[in-house]
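Read-outs: derived from the displayed coordinates by stated rules, not from any lab. Because the structure is predicted, anything quoted here is derived from the model rather than measured. Here the Cβ is made from the backbone with ideal geometry for all residues, glycine too, and neighbour counts use every protein chain on show.
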Amino acid sequence: MTSHSPRSAFRTPIILALVGYCAIIISLTLLKSFFVIGLLWIPENQRVRGLSLIPLNDLWESSSLFTQVFGYGGNFAFFVPFGVLVYMLNGRIGLTTLFGAGFSLLIEVSQYLFQQGFSDIDDFLFNTLGAATGACVAAWAGPRARWLWVSLTAVLVVVFAALAILGSRLGDPDRVAEVNATSYTLDHGSPLFT
């Protein structure tokens, strides 16, 4: 008769949650040319290849604060759950950070090789930082929060799957308006930006 420690008995749900979350990451970074969620992107436009090796270049090249917040903040937040789950499997912040860096590098290289997106050093840096932060959060929360993390991940996976299945049925293309910030006007005809 074998006895299982509480940590080893909980490995299977953590592994399943990690596999599900990695599927979300891969779908949203490498597979967007094959599916759509609502009107968030046009699949045909996702077959691009670009490379930026200049760190933090969006700080001075981007004319939009949204691009900076979404790019940096989004890539950071995207890997926090990854870091939480990987940390729960290995219990080491440094190793989790290394896994985050490796997975992010694999994604960036794959995007470039398969012409599935824009490969950017900033994505790599902020993904790695997100994984490290996730590991720190998991270490701080301790083992009692394991069910919370696995449950939240399961909800994310189910919601993402539902959104992907609904696909283009989400949103009304007739109600999409082309917006150009420099010429956008309020209902009263006055310019929003001067």
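Sequence gap at least 6, Cα distance under 8 Å: using those rules, report the relative contact order of region 6-175 to the nearest whole percent.
Details: 232 pairs, mean separation 59.4, N = 170.
Once normalised by length, the contact order is 35 percent.
Using each residue's phi in region 45-61, evaluate 6.51 cos²θ - 1.76 cosθ + 1.60 at θ = phi - 60° and report the 3J(HN,Hα) Karplus result to the nearest Hz, with x for Gly and Pro.
So the J values, rounded to whole Hz, are 7, 8, 8, 10, 10, x, 8, 10, 10, 9, x, 6, 5, 5, 4, 10, 9.
Rg/Rh for the chain: what does it come to with C-alpha atoms and Rh from Kirkwood?
My calculation of the ratio gives 1.05.
Taking only Cα atoms and a 10 Å spring cutoff, compute GNM fluctuations for the chain and point out the largest among Ser64, Ser110, Ser151.
Looking only at Ser64, Ser110, Ser151, the largest GNM fluctuation is found for Ser64.
Would you pull out the residues with amide H under 5 Å of Ser52's amide H, same chain only if 5 or more places away, H placed 1.01 Å from N?
Those lying under 5 Å, H to H, from Ser52 are Ser119, Asp120, Ile121.
Each label point is 7 Å from the Cα along the Cα-to-Cβ direction; what then is the distance between the points at Arg47 and Ala139, in nm?
Simple spin-label model gives 4.5 nm for this pair.
Which distance in nm do the two modelled labels at Ala77 and Leu95 give, with both placed 7 Å along the Cα-to-Cβ direction?
Each label point lies 7 Å from its Cα, and together they span 3.0 nm.
Mean residue ellipticity at 222 nm from the helices of the chain, using -39,500 (n - 2.57) per DSSP H segment of n ≥ 4 over the full residue count, to the nearest 500 deg cm²/dmol? Each step should come with its number before you reach the end.
On the way: 8 runs with 112 residues, N = 194.
My calculation for the chain gives -18500 deg cm²/dmol from helical runs alone.
Could you calculate the contour length gain from Leu166 to Phe70, that is, 0.36 nm times the residue separation minus the distance between their Cα atoms, to one decimal place in nm?
Values: separation 96, 0.36 × 96 = 34.56 nm, distance 2.42 nm.
Going from the current span to full extension adds 32.1 nm.
About the Cα centre of the chain, how large is the charge dipole given +1 on each Lys and Arg Cβ and -1 on each Asp and Glu Cβ? Please answer in debye to the nearest 20.
On the way: 10 positive and 11 negative charges, 213 e Å.
Its charge dipole is roughly 1020 debye.
Given the options Ser27, Ser119, Ser52, state which has the largest fluctuation in a GNM of the chain using a 10 Å cut-off (strictly under) for Cα springs.
Ser52
Can you tell me which of Trp60, Trp140, Trp149 moves the most in a GNM of the chain? Springs connect C-alpha atoms under 10 Å apart.
The residue that fluctuates most here is Trp60.
Kindly put Thr153, Thr12, Thr67, Thr133 in sequence by how many other C-beta atoms sit within 10 Å of each C-beta, fewest to most.
Sorted ascending by nearby Cβ count, the order is Thr12, Thr67, Thr133, Thr153.
With θ set to phi - 60°, apply the Karplus curve 6.51 cos²θ - 1.76 cosθ + 1.60 along region 22-35 and write out the HN-Hα couplings as whole Hz, x wherever there is a Gly or Pro.
Values, residue by residue: 4, 4, 5, 4, 5, 4, 7, 10, 10, 10, 5, 7, 10, 7 Hz.
Specify the longest stretch of the chain that does not include any exposed loop site, a site being one of the trypsin sites (Lys or Arg not before Pro) with a non-H, G, I, E, B DSSP assignment and at most 16 other Cβ atoms within 10 Å.
Result for the longest clean stretch: 93-194.
Given labels modelled 7 Å from the Cα in the Cβ direction, how far is it in nm from Glu61 to Leu16?
Roughly 4.3 nm, to one decimal.
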